[in-house]
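Below: the structure, in structure tokens.
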Amino acid sequence: MPATTTAENVGAVNSFTSRIHNDTYPFISPDKTDLSGKSVFVAGASKGIGKETALALAEAGCSKIAIGARSDLSSLVDEIAKRAATAGKSAPQVVSLQLDVTLEDSVKAAADKIGDAFGGALDVLICNAGNLEQWLPLAESIPIEWWRSYEINVKGTYLLNRFFIPLLLKSETKTSILTASYGALGTRHGASGYQSSKFAVCRLAEFIATEYEEQGLVCYAIHPGGVKTELAHNMPEYMWKILNDEPALPAHTLVWLSREHRPWLSGRFVSVTWDMEELESKKDEIIEGNLFKFRMIVV
């Protein structure tokens with residue numbers, strides 16, 4: 001029987017693989033992934049998961065790493081070079097830029113700069129910038145804060161793909177990764193802005209996958225885990241108990257997803273807490289059931 005409640009649905013999705021992870025593990029480790037020759041852009045790279053992802057890309061030998069955020073990234077540029085050296089990898093070409101994902105001119109300028117620096121192509125786009133507003137019942141919510149979640153989570157993700165898809169289509173890996181959340185599966189009191197915006201991100205991933213399938217582009221909507229980031233602590237304190245995942249888990253999973261082109265996962269929701277080796281073994285089941293896309297089920 002299909003799940004009939006939100007809790008049952010979340011539980012079924014969470015337990016899709018028998019092995020669930022809270023930290024990195026050998027199968028996704030950057031030291032076992034070769035990203036030489038690849039180019040990746042991490043939007044929202046100044047801290048938390050975005051910063052850890054940029055460093056993991058360097059550890060995996062990624063040749064071209066672009067990082068963007070509203071805050072200063074100069075220290076991260078140095079850290080990327082040091083992480084690559086420590087891992088015994090060649091120093092990557094790094095493009096660092098100030099970026100506001102909610103502004104069309106800012107995102108377009110970023111795409112132009114990265115395109116010029118990386119020879120007109122980009123292998124992987126990682127849309128990591130996000131917002132989580134204060135949780136309040138709808139009629140008590142603060143409109144500017146509520147809408148800010150849509151501005152960053154939805155509009156920002158849209159603009160990044162609007163201006164970077166042309167670069168992705170000129171690459172070999174052709175991969176766009178959107179940051180969604182398990183929040184997209186539920187309706188917790190007070191979380192209407194965040195959770196509905198993440199639902200929209202999942203549907204946007206389906207649109208991108210559908211519209212560009214014939215041109216070879218793939219798109220995933222990932223749950224980045226429950227990580228103790230500054231953003232996550234905007235949730236009510238009673239929710240902090242779910243923040244049990246280490247930032248290396250999403251970062252290293254993103255490195256693994258950047259390694260190769262995976263059309264069978266395109267348009268789907270992917271949780272970084274799943275075991276990726278086991279996920280690969282379930283490829284046929286996922287395709288045949290057309291799993292991890294939002295649908296209404298009538299029974």
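The values are calculated or read from the model by the stated rules, or taken from the named source; none is laboratory data. Computed from a prediction, not measured in an experiment: that's the story for all the values here. Cβ: placed from backbone, ideal geometry, glycine included. Neighbour counts: every protein chain shown.
In the stretch 1-58, what residues are surrounded by 20 or more Cβ atoms within 10 Å (Cβ to Cβ) and on the phi > 0 side of the Ramachandran plot?
The answer is G44, G48.
Quick test of your reading of the structure: I297 fulfils all but one of (1) aliphatic (A, V, I, L, M); (2) touching a Gly at 6+ places or on another chain (Cβ under 8 Å); (3) surrounded by fewer than 16 Cβ atoms within 10 Å (Cβ to Cβ). Name the failing condition by number.
With respect to (1) aliphatic (A, V, I, L, M); (2) touching a Gly at 6+ places or on another chain (Cβ under 8 Å); (3) surrounded by fewer than 16 Cβ atoms within 10 Å (Cβ to Cβ), I297 is out only on (2).
Here are S258, S271: which of them is within 22 Å of G48 (Cβ to Cβ), small (G, A, S) and touching a Ser or Thr at 6+ places or on another chain (Cβ under 7 Å)?
Among S258, S271, only S258 is within 22 Å of G48 (Cβ to Cβ), small (G, A, S) and touching a Ser or Thr at 6+ places or on another chain (Cβ under 7 Å).
Scan the stretch 69-110 for residues that are among the basic types (K, R) and within 19 Å of E52 (Cβ to Cβ) and jot them down.
Of everything in the stretch 69-110, those that are among the basic types (K, R) and within 19 Å of E52 (Cβ to Cβ) turn out to be R70, K82, R83, K89.
Looking only at the stretch 263-285, how many residues end up being buried (at least 17 other Cβ atoms within 10 Å of the Cβ) and over 18 Å from D23 (Cα atoms)?
Number satisfying all stated conditions: 5.
Being surrounded by 21 or more Cβ atoms within 10 Å (Cβ to Cβ) and either among the small types (G, A, S) or closer than 18 Å to F294 by Cα (or both) is the filter here, so list the residues in the stretch 205-223 that pass it.
Within the stretch 205-223, A205, I208, A209, V218, C219, Y220, A221, I222, H223 meet the criteria.
Test each condition in (1) in contact with an Asp or Glu (Cβ under 7 Å, 6 or more places away or on another chain); (2) charged (D, E, K, R); (3) at pLDDT 95 or above for R162 and report the one that comes out false.
(1)
Tally the residues that are part of a strand (DSSP E or B) and in contact (Cβ under 8 Å) with a residue 60 or more places away in the chain, restricting the search to the stretch 18-67. Before you say what the answer is, go through the steps one by one.
Of the stretch 18-67, the ones part of a strand (DSSP E or B) are 20, 39-43, 64-67.
With the extra rule that they be in contact (Cβ under 8 Å) with a residue 60 or more places away in the chain, the set shrinks to 20, 39-43.
So the count comes out to 6.
Being of a type outside the set (S, T, N, Q) and assigned to a loop (DSSP other than H, G, I, E, B) is the requirement here; does E151 meet it?
On the way: of a type outside the set (S, T, N, Q): yes; assigned to a loop (DSSP other than H, G, I, E, B): no.
Answer is no for this residue.
How many of the residues in the stretch 37-55 are more than 12 Å from the chain's Cα centre (by Cα) and farther than 21 Å from E172 by Cα? Spell out how you get there, then give the answer.
First pass over the stretch 37-55, keeping only residues more than 12 Å from the chain's Cα centre (by Cα): 37-40, 46-48, 51-52, 54-55.
Still in the list and also farther than 21 Å from E172 by Cα: 46-48, 51-52, 55.
Adding up the residues that qualify gives 6.
The rows are residues; the columns are (1) over 22 Å from F294 (Cβ atoms); (2) assigned to a loop (DSSP other than H, G, I, E, B); (3) hydrophobic (A, V, I, L, M, F, W, C).
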{"site": "T102", "(1), (2), (3)": "yes, yes, no"}
{"site": "A111", "(1), (2), (3)": "yes, no, yes"}
{"site": "L122", "(1), (2), (3)": "yes, yes, yes"}
{"site": "L160", "(1), (2), (3)": "no, no, yes"}
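Of all residues in the stretch 74-100, how many are touching a Leu at 6+ places or on another chain (Cβ under 8 Å) and assigned to a loop (DSSP other than H, G, I, E, B)?
Within the stretch 74-100, residues that are touching a Leu at 6+ places or on another chain (Cβ under 8 Å) and assigned to a loop (DSSP other than H, G, I, E, B) number 1.
If we keep just the residues of the stretch 83-136 that are of a type in the set (S, T, N, Q) and in contact (Cβ under 8 Å) with a residue 40 or more places away in the chain, which is surrounded by the most Cβ atoms within 10 Å (Cβ to Cβ)? Lay out the reasoning, then the answer.
Going through the stretch 83-136, the residues of a type in the set (S, T, N, Q) turn out to be 86, 90, 93, 96, 98, 102, 106, 128, 131, 134.
Next, only the ones that are in contact (Cβ under 8 Å) with a residue 40 or more places away in the chain stay: 90, 102, 128, 131, 134.
Values: S90: 12, T102: 18, N128: 31, N131: 22, Q134: 15.
Applying the filter and picking the extreme gives N128.
So the check is Cβ under 8 Å with 6+ separation or different chains; which pairs have a first residue in the stretch 1-17 that's at pLDDT 80 or above and a second one that's of a type outside the set (F, W, Y) and in a helix (DSSP H, G or I)?
Here the result reads N9/L185; V10/L185; V13/L185; F16/L279; T17/E278; T17/L279, each pair linking the stretch 1-17 to a residue that is of a type outside the set (F, W, Y) and in a helix (DSSP H, G or I).
Taking the stretch 236-255 as the search range and keeping residues that are hydrophobic (A, V, I, L, M, F, W, C) and out of contact with any Lys or Arg (no Cβ under 9 Å at 6 or more places or on another chain), which one is surrounded by the fewest Cβ atoms within 10 Å (Cβ to Cβ)?
I242
Scan the stretch 240-261 for residues that are more than 22 Å from S46 (Cβ to Cβ) and either acidic (D, E) or in contact (Cβ under 8 Å) with a residue 60 or more places away in the chain (or both) and jot them down.
Residues satisfying the conditions are N244, W256, R259, E260, H261.
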